[in-house]
Amino acid sequence: MTDRELVQAAEAASRNAYAPYSEFMVGAAALLRDGRVVTGVNVENAAYPLGVCAERVALSRAAAEGTRPGEIEAVGITASPCGGCRQWLAEWAVDRVAFLHEGELLVRRPDELLPDSFVL
Ligand SMILES: [Zn+2]
């Protein structure tokens, strides 16, 4: 699967986003090393800070299915990942992140998105 196809899978998933407050529909698709694709969408809440981003949902779904950091090849997102999600992408040690930014498909490594990320 190409990075563009992964972002297209994210775009398809974004139709299921729950974003009644911002109406900003975001989708994400994680390509696991075994070839599976796990999608996520942003899920908002009336208590705004409780909302979750699409890529965190995708990574959480993958975790619930037994996936662990290092087992995800790439994540495609329909928008540039926020700062918190950049930390998640670093934790999950994905090879690359493909996302749409101002109409352009960008592909970055997590350490390019968040240099010197927090580690324990
Ligand atoms: Zn985020």
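The values are calculated or read from the model by the stated rules, or taken from the named source; none is laboratory data. Since this is a predicted model, take the numbers as computed values, not measurements. Cβ sites come from the backbone with ideal geometry, for glycine too, and all protein chains shown count toward neighbours. In case anyone asks, the SASA skips ligands and DNA or RNA and just uses the protein heavy atoms, side chains included. Shrake-Rupley method; radii C 1.70, N 1.55, O 1.52, S 1.80 Å.
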In sequence order, what are the phi-derived ³J(HN,Hα) couplings for the stretch 107-113 according to the Karplus relation 6.51 cos²θ - 1.76 cosθ + 1.60 with θ = phi - 60°, rounded to whole Hz, with x for glycine and proline?
10, 9, 7, x, 6, 7, 7
Calculate what fraction, in whole %, of the accessible area of the chain sits on carbon and sulfur atoms when a 1.4 Å probe is rolled over the protein chains.
52
Determine the relative contact order of the chain: mean sequence separation of Cα pairs under 8 Å and six or more apart, normalised by residue count, in whole percent.
22
Around V94 (Cβ within 15 Å, Cβ-to-Cβ, excluding V94; K/R +1, D/E -1) the net charge comes to 0
Treating only the Cβ of Lys, Arg, Asp and Glu as charged (+1, +1, -1, -1), what charge dipole size does the chain show about its Cα centre? Round to the nearest 20 debye.
220
If you keep only loop residues by DSSP, which GluC sites (Glu not before Pro) in the stretch 23-120 have at most 10 other Cβ atoms within 10 Å of their Cβ?
E23, E65, E102
Whole Å is fine, so just give me how far the alpha carbon centre of the stretch 59-99 lies from that of the stretch 10-54.
12
Can you work out the Karplus-derived ³J(HN,Hα) for every residue in the stretch 97-106? Use 6.51 cos²θ - 1.76 cosθ + 1.60 with θ = phi - 60°, whole Hz, and x for glycine or proline.
10, 10, 8, 8, 9, 6, x, 10, 7, 10
Over the chain, one equal point on each Cα, no solvent: what is log10 I(q)/I(0) by the Debye formula at q = 0.09, 0.10, 0.11, 0.20 Å⁻¹?
-0.21, -0.26, -0.31, -1.06
For T39, distant residues with modelled amide H under 5 Å away:
A30
Taking chymotrypsin sites (Phe, Trp or Tyr not before Pro) that fall in a DSSP loop and have at most 15 other Cβ atoms within 10 Å as cut points, what is the longest piece of the chain between them?
25-117
Kindly work out what percent of the DSSP beta bridges joining two residues of the stretch 3-113 are antiparallel, to the nearest 5.
75
